[in-house]
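The block underneath contains the structure these notes are about, expressed in structure tokens.
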Amino acid sequence: MMKLLKFLLLGIVFGIVMTKSDAVSWFRIQEMFRFQSFHMYGIIGTAVVTGVIGVALIKRFKLRDFHGNPIVFYPKEKSFIRYMLGGIIFGLGWALSGSCPGPIVVNIGYGFFAMIIVFLFAIFGTFIYGVIKNKLPH
Amino acid sequence: MNDFITQTWTWWFSGLVISAIMFFLIYFGQSFGFSSNLRTICAASGVGKKIKFFDFNWKSQMWNIMFLLGAIIGGFIAKQFLSSDLPVQISKSTIQDLAKLNISAPTTLQPAELFSWDAVFSIKGFLILAFGGFLVGFGSRYAGGCTSGHAISGLSDLQWPSLIAVIGFFIGGLVMTHFIFPLIF
């Protein structure tokens, strides 16, 4: 249980910072898709730029995780169609609900209980993907 | 000091913290990817017996479920203890664009037209939430990740698949915002 507690704490920090920077707001996602503010691009951009630097440093200095194991980054399988089609479907839902999976649950904690419907249907969407996976181009 | 906490936190601070969370997860031997939880929840419900995609050791993903529970608690703490309850300060042009779609200016974090009980119990309002959720859940698994897994983790590792997925996210988001919203709102 103590092993899992640190992940709970990281989740709490995530929920707080996503709420406090408005990243869980439908309005902010609309503003982003209308290119009318730098705010969301700033958040994602800062995370990615510092992320690129950090990952490069981990690889350069062959850093290890806290278990003492080498940190490895597994390349995602090569494909175009699944990332493009899946990405477009995700993007349609992202703009419509104004939330990606993380912010959906943060909103539930905030008290927007309508997001429970979004959350349940997101689980259902994942379930349907699992059912028809083999019929889809990947 | 109090204002400093209750006002909207600036973008670079948020970005740095999100990046730090990713590196903490990497340091703890895991990775930052939120939508995997949706698959884990399906697997934990027992559907793995019938559907191969959900037949895996979901208990190994408990760390991510804990992260999900933490995110819910974080949203609660932010609302109860750190919030100013001021409307989201979005740009004037966005407010004007949304007014044309009959969505009123922010009074809180989310639009009442979509997330109030009135909206939930209307057929159209329910369908918007249901479709939105379905597309997010289906699309994230088809693409193999969501904003955290692809846009943050994948791009940080300079992975082409993640760049393709993020371009897809934006195509979908732009089509919804600029072409489908005028039809449904």
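Looking across segment B:142-161, the residues that are part of a helix (DSSP H, G or I) and within 19 Å of A:ALA23 (Cβ to Cβ) come down to B:THR147, B:SER148, B:GLY149, B:HIS150, B:ALA151, B:ILE152, B:SER153, B:GLY154, B:LEU155, B:SER156.
Looking at segment A:75-83, is at least one residue within 24 Å of B:LYS79 (Cα to Cα) and either aromatic (Phe, Trp, Tyr) or not in a loop (DSSP other than H, G, I, E, B) (or both)?
Let us first name the residues in segment A:75-83 that are within 24 Å of B:LYS79 (Cα to Cα), namely none.
Looking for residues that are within 24 Å of B:LYS79 (Cα to Cα) and either aromatic (Phe, Trp, Tyr) or not in a loop (DSSP other than H, G, I, E, B) (or both), one finds none in segment A:75-83, hence no.
If you go through segment A:67-123 and keep only what is in contact with a strand residue (DSSP E or B) (Cβ under 7 Å, 6 or more places away or on another chain) and more than 7 Å from every other protein chain (Cβ to nearest Cβ), you end up with just A:PRO70.
Would it be correct to say that A:THR50 is more than 30 Å from B:THR107 (Cβ to Cβ) and surrounded by 17 or more Cβ atoms within 10 Å (Cβ to Cβ)? Yes. The lone criterion from (1) crowded, with 24+ Cβ neighbours inside 10 Å; (2) more than 8 Å from chain A (Cβ to nearest Cβ) left unmet by B:LEU163 is number (1). Could you count how many residues in segment B:42-63 are crowded, with 22+ Cβ neighbours inside 10 Å and touching a residue at least 24 places away in the same chain (Cβ under 8 Å)? So the answer is 0. Could you check, for segment B:116-125, whether at least one of its residues is free of Cβ contacts under 8 Å to residues at least 40 places away in the same chain, in contact with an Asp or Glu (Cβ under 7 Å, 6 or more places away or on another chain) and hydroxyl-bearing (Ser, Thr, Tyr)? The answer is no, given that none of the residues of segment B:116-125 is free of Cβ contacts under 8 Å to residues at least 40 places away in the same chain, in contact with an Asp or Glu (Cβ under 7 Å, 6 or more places away or on another chain) and hydroxyl-bearing (Ser, Thr, Tyr). Selection of first residues in segment B:129-141 that are at the interface with another protein chain (Cβ under 7 Å from one of its Cβ atoms) and of second residues that are of a type in the set (S, T, N, Q) and assigned to a helix (DSSP H, G or I), restricted to Cβ pairs under 7 Å at least 6 apart or on distinct chains, gives the following pairs, ordered by first then second residue: B:LEU129/A:SER97; B:GLY132/A:SER97; B:GLY133/A:SER97; B:VAL136/A:SER97; B:GLY137/A:THR126; B:PHE138/A:THR126; B:ARG141/A:THR126.
One line per residue, one yes/no per condition, for (1) more than 18 Å from the chain's Cα centre (by Cα); (2) assigned to a helix (DSSP H, G or I); (3) more than 8 Å from chain A (Cβ to nearest Cβ); (4) not polar (S, T, N, Q):
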residue	(1), (2), (3), (4)
B:PHE4	yes, yes, yes, yes
B:SER14	no, yes, no, no
B:VAL17	no, yes, no, yes
B:MET22	no, yes, no, yes
B:LEU25	yes, yes, no, yes
B:GLY29	yes, no, no, yes
B:GLY33	no, no, yes, yes
B:LEU38	no, yes, no, yes
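For segment B:58-71, the condition holds for no residue, the condition being that it is more than 7 Å from every other protein chain (Cβ to nearest Cβ) and either modelled with pLDDT under 95 or not in a helix (DSSP H, G or I) (or both).
Per-residue answers, yes or no, for (1) in a helix (DSSP H, G or I); (2) within 18 Å of the chain's Cα centre (by Cα); (3) closer than 14 Å to B:LEU68 by Cα:
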{"residue": "A:PHE90", "(1), (2), (3)": "yes, yes, no"}
{"residue": "A:SER99", "(1), (2), (3)": "no, yes, no"}
{"residue": "A:THR126", "(1), (2), (3)": "yes, yes, no"}
{"residue": "A:ILE132", "(1), (2), (3)": "yes, no, no"}
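When segment A:17-42 is filtered for residues that are farther than 14 Å from B:PHE170 by Cα, in a loop (DSSP other than H, G, I, E, B) and free of Cβ contacts under 8 Å to residues at least 40 places away in the same chain, the ones remaining, listed by number, are A:SER21, A:ASP22, A:GLN36, A:SER37, A:PHE38.
The values are calculated or read from the model by the stated rules, or taken from the named source; none is laboratory data. Only a predicted model underlies this, so the values are computations on that prediction, with no experimental measurement involved. Cβ coordinates were reconstructed from backbone atoms using ideal geometry, including for glycine residues, and neighbour counts include every protein chain displayed.
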